[in-house]
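**Q** The structure under discussion is supplied below as structure tokens; questions concerning it will follow.
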Amino acid sequence: MSQETTSWVSHGNGTRFALQEVKLGPLKADEVRVKLKATGICHTGLLLKLLLRIDTNLVVDILAADGDLPAQLPAILGHEGAGEIVEVGPGVSNLQEGDRVVLSFASCSSCHSCLSGVPTACSEFLALNLMGTRTENVHTIPSTSAEDQQGNEAISLTTKFFGQSTFATFANVNVRSCVKLNPKSMKLASGDDVPWARLASLGCGFMTGSGTVLNVCKPGPGSSIGVFGVGAVGLAAIAAARNLSAASSIIAVDISQPKLDVAASMGATLCFNSRQGNDACIQAIKDATGGRGLDFAIDTTGNVNVIGTMLRCLTAYGTGIQIAGPSSGKNVEVHPSFMVNAAVTYRGIIMGAANPQLYIPALLDYYLQGRFPVVDLVKEYHYRDLNVAIEEMKTGSVVKAVLVWD
């Protein structure tokens, strides 16, 4: 059946999100309908910059809203949802009404990468997550929002961004975006349920940062790791390195002192303000690692100058990991002789190389054990305050913004 939903709709062309009432179409065979409890706003745009070379530092959902992604507009965006299933589509057998789910990216489940347990490398990743693959005719109902200019006009609306489109009270969601949670695993020590806003934060940015450390770096005893850029993704990497790995030196690098202060609270053993200069940064890291340099380094900035500095901070046979693509037309200048003589590795990683079906429940367990405290940095906003949240995110004063639905 169809479903009316209150939604934040992007009409593109630099306009702000508009709060509108939308009628979703009936479920398809690979979908379930989720009543959203909370939706995170992704803070980085890292994956999209990596895949599409987007020339901007705005958040993922804003990139799409501004028309800088191939998703068809107008659209309901949002890709970090959490809520309860209220209806299942034809033939869906692994999920049922009443299931509580955290939503992440979609994958095809049948390509070589998916069958190998690496859905982040799915051959259909772009089509399923970024191309706006579920477009249907819907009617907007007159809204109280002064920004709603559509009235009762029938419009073509994309409603499956990242398999979910969760800037809405209800969403038709790809079943492979759904990570089912055991209600017993959602309890705090007090006996209360984990707040939905905390659950929603697990689906993208926090997974990317922590997954890069745990699934890719896997730092051993006595090893060192540096994180360049400590927004939500970088802080998740630091929290994972401190509490979930054997790394002994965990170094945070950023130009924002307030962010570095938060990084220290997450477990960074050295926080360096890179406004002091690249050479000073390299020397500080060498000094902190007994002259060796870093075993692992993660760049979350996509800034080619920062990336060059990161690579120079590596020890012999160290690994530099890129999880943010440089802006369009900009390249990292690395001479082959440097790679040979320094004996370093430079590689890219998508979404922390995580399998959400396995990784999100594990991340929730770590949080409940007190070993992933970055989740507590979430700031909740009433769903009507989306544009306020976006403006505060742009200032850098908010680590992780999450909308809470009525």
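The values are calculated or read from the model by the stated rules, or taken from the named source; none is laboratory data. Worth saying up front: this structure is predicted, and the values here are computed from it rather than measured. Methodologically, a virtual Cβ is constructed for each residue, glycine included, from the backbone with ideal geometry; neighbour enumeration extends over all protein chains shown.
**Q** Quick check on the stretch 257-282: of everything there that is assigned to a loop (DSSP other than H, G, I, E, B) and touching a strand residue (DSSP E or B) at 6+ places or on another chain (Cβ under 8 Å), which residue is surrounded by the most Cβ atoms within 10 Å (Cβ to Cβ)?
**A** The extreme case among them is Ala268.
**Q** How many of the residues making up the stretch 332-372 are within 18 Å of Thr301 (Cα to Cα), among the aliphatic types (A, V, I, L, M) and more than 19 Å from the chain's Cα centre (by Cα)?
**A** 2
**Q** Name the single residue that is farthest from the chain's Cα centre (by Cα) among those in the stretch 229-249 being within 14 Å of Val262 (Cα to Cα) and of a type outside the set (Gly, Ala, Ser).
**A** For the stretch 229-249, the residue satisfying everything is Arg242.
**Q** Taking the stretch 74-113, which residues are among the polar types (S, T, N, Q) and over 20 Å from Gly203 (Cβ atoms)? Break it down stepwise before answering.
**A** Here is the first cut: in the stretch 74-113, the ones among the polar types (S, T, N, Q) are 93-94, 96, 104, 107, 109-110, 113.
Matches in the stretch 74-113: Ser93, Gln96, Ser110.
**Q** Taking the conditions exactly as written (at pLDDT below 50, within 26 Å of Ala232 (Cα to Cα) and not in a loop (DSSP other than H, G, I, E, B)), does Leu51 satisfy them or not?
**A** Against the criterion (at pLDDT below 50, within 26 Å of Ala232 (Cα to Cα) and not in a loop (DSSP other than H, G, I, E, B)), Leu51 qualifies.
**Q** Just to be sure, is Val304 without any contact (Cβ under 8 Å) to a residue 24 or more places away in the chain, farther than 22 Å from Phe372 by Cα and among the β-branched types (Val, Ile, Thr)? Break it down into steps so the answer makes sense when it comes.
**A** Numbers: without any contact (Cβ under 8 Å) to a residue 24 or more places away in the chain: no; farther than 22 Å from Phe372 by Cα: yes; among the β-branched types (Val, Ile, Thr): yes.
No: the conditions fail for Val304.
**Q** Can you find a residue in the stretch 390-397 that is under 30 Å from Pro119 (Cα atoms) and touching a residue at least 40 places away in the same chain (Cβ under 8 Å)?
**A** Yes, the conditions are met somewhere in the stretch 390-397.
**Q** Follow-up. Quick one: how many residues across the stretch 297-330 are within 21 Å of the chain's Cα centre (by Cα) and not in a helix (DSSP H, G or I)?
**A** The number of residues fulfilling the criteria is 16.
**Q** Scanning the stretch 378-398 for residues that are within 16 Å of the chain's Cα centre (by Cα) and modelled with pLDDT of 95 or more, which turns out farthest from Phe125 (Cα to Cα)?
**A** My answer is Lys379.
**Q** Any idea which residue in the stretch 357-391 is surrounded by the fewest Cβ atoms within 10 Å (Cβ to Cβ), counting only those that are outside any loop (DSSP other than H, G, I, E, B) and among the small types (Gly, Ala, Ser)? It would help to see each step written out before you state the result.
**A** As a first pass, look at the stretch 357-391 and keep what is outside any loop (DSSP other than H, G, I, E, B): 357-368, 373-391.
Filter once more, so that each one left must be among the small types (Gly, Ala, Ser): 362, 389.
Numbers: Ala362: 17, Ala389: 19.
Applying the filter and picking the extreme gives Ala362.
**Q** Here is a further query. Which members of the stretch 84-126 meet the condition of being in contact (Cβ under 8 Å) with a residue 12 or more places away in the chain and assigned to a helix (DSSP H, G or I)?
**A** Pro119, Thr120, Ala121, Phe125, Leu126
**Q** I want to confirm something. Restricting to the stretch 327-348 and keeping residues that are within 24 Å of Ile250 (Cα to Cα) and not polar (S, T, N, Q), which single residue is surrounded by the fewest Cβ atoms within 10 Å (Cβ to Cβ)?
**A** For the stretch 327-348, the residue satisfying everything is Arg347.
**Q** Follow-up question, since we're still on this one. Is it fair to say Lys394 is assigned to a helix (DSSP H, G or I), basic (Lys, Arg), out of contact with any His (no Cβ under 7 Å at 6 or more places or on another chain) and not assigned by the TED database to the domain that holds Arg16?
**A** Working: assigned to a helix (DSSP H, G or I): yes; basic (Lys, Arg): yes; out of contact with any His (no Cβ under 7 Å at 6 or more places or on another chain): yes; not assigned by the TED database to the domain that holds Arg16: yes.
The answer is yes for Lys394.
**Q** Here is a further query. Just give me the residues in the stretch 242-260 being in contact with a Leu (Cβ under 9 Å, 6 or more places away or on another chain) and farther than 15 Å from Gly222 by Cβ, in sequence order.
**A** Leu244, Ala252, Val253, Asp254, Lys259
**Q** Looking for something farther than 29 Å from Pro258 by Cβ, modelled with pLDDT of 95 or more and in contact with a Pro (Cβ under 9 Å, 6 or more places away or on another chain) - is there at least one such residue anywhere in the stretch 314-321?
**A** No: zero hits.
**Q** For the stretch 333-349, give me the residue count where each residue is outside any strand (DSSP E or B) and in contact with a Phe, Trp or Tyr (Cβ under 8 Å, 6 or more places away or on another chain). First the steps, then the outcome.
**A** The first filter runs over the stretch 333-349 and keeps only residues outside any strand (DSSP E or B), leaving 333-344, 349.
Within this subset, residues satisfying the condition of being in contact with a Phe, Trp or Tyr (Cβ under 8 Å, 6 or more places away or on another chain) are 334, 339, 343-344.
Matching residues across the stretch 333-349 total 4.
**Q** Sort through Gly226, Gly205, Gly293 and tell me the only one that's in contact with a strand residue (DSSP E or B) (Cβ under 8 Å, 6 or more places away or on another chain) and at pLDDT below 95.
**A** Unique residue meeting the criteria: Gly205.
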